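The values are calculated or read from the model by the stated rules, or taken from the named source; none is laboratory data. Predicted model, so just to flag it, every value in this text is computed and none were measured. Glycine gets a Cβ as well: all are built from the backbone with ideal geometry, and neighbour counts include every protein chain shown.
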Amino acid sequence: MNAKEIISEIEQNEKKESVDQFSVGDTVRVHNKIKEGNRERVQVFEGIVIKRQGGSNRETFTVRKFSNGVGVEKTWPLHSPNVEKIDVVRRGKVRRAKLNYLRDRVGKKAKVKETI
């Protein structure tokens, strides 16, 4: 067994069984576990998925939202045990894989068309 086979076997064991289906341009609600001292709580982060990258268990996604007039982005590993679940609020219709142009836009210009 070579190193690549060993690494891929370990990665397969770390993957989640079921991953929520979403794509770039969707508005999602990410339920994230946060540990504060000895207690644990779930915090919800809602925004537009601006990119998904990587593959296998290394895949990550970035969500952007506006909070108090300031753009906030968070990136999570898709198979992280801290990501409890991902709810799709709205499906977006986009024509590119990464929506970096949304960073420069505010208000109605930052909207993504919705698919019905």
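For the structure I just gave you, tell me whether Ser18 is among the hydroxyl-bearing types (Ser, Thr, Tyr) and under 25 Å from Lys113 (Cβ atoms). Outline the logic, then answer.
On the way: among the hydroxyl-bearing types (Ser, Thr, Tyr): yes; under 25 Å from Lys113 (Cβ atoms): no.
No, not satisfied.
Among residues belonging to segment 1-28 that are in a helix (DSSP H, G or I) and free of Cβ contacts under 8 Å to residues at least 40 places away in the same chain, point out the one that is farthest from the chain's Cα centre (by Cα). If you could, list the steps in order and put the result at the bottom.
Here is the first cut: in segment 1-28, the ones in a helix (DSSP H, G or I) are 3-14.
Still in the running and free of Cβ contacts under 8 Å to residues at least 40 places away in the same chain: 3-7, 9-10, 13.
Details: Ala3: 30, Lys4: 27, Glu5: 28, Ile6: 27, Ile7: 24, Glu9: 24, Ile10: 23, Asn13: 21 Å.
Selected residue: Ala3.
Just name the residue that is surrounded by the fewest Cβ atoms within 10 Å (Cβ to Cβ) out of those in segment 99-116 that are basic (Lys, Arg) and under 17 Å from Lys65 (Cβ atoms).
Step one: filter segment 99-116 for residues basic (Lys, Arg), giving 103, 105, 108-109, 111, 113.
Filter once more, so that each one left must be under 17 Å from Lys65 (Cβ atoms): 103, 105, 108-109, 111.
Numbers: Arg103: 12, Arg105: 12, Lys108: 6, Lys109: 9, Lys111: 11.
Result: Lys108.
Would you check which residues across segment 34-56 are of a type in the set (Lys, Arg) and either within 10 Å of the chain's Cα centre (by Cα) or surrounded by 10 or more Cβ atoms within 10 Å (Cβ to Cβ) (or both) and list them? Outline the logic, then answer.
Narrowing segment 34-56 to residues of a type in the set (Lys, Arg): 35, 39, 41, 51-52.
Result: Lys51, Arg52.
Could you tell me which numbered condition His31 fails, if it satisfies all but one of (1) surrounded by 19 or more Cβ atoms within 10 Å (Cβ to Cβ); (2) at pLDDT 95 or above?
With respect to (1) surrounded by 19 or more Cβ atoms within 10 Å (Cβ to Cβ); (2) at pLDDT 95 or above, His31 is out only on (1).
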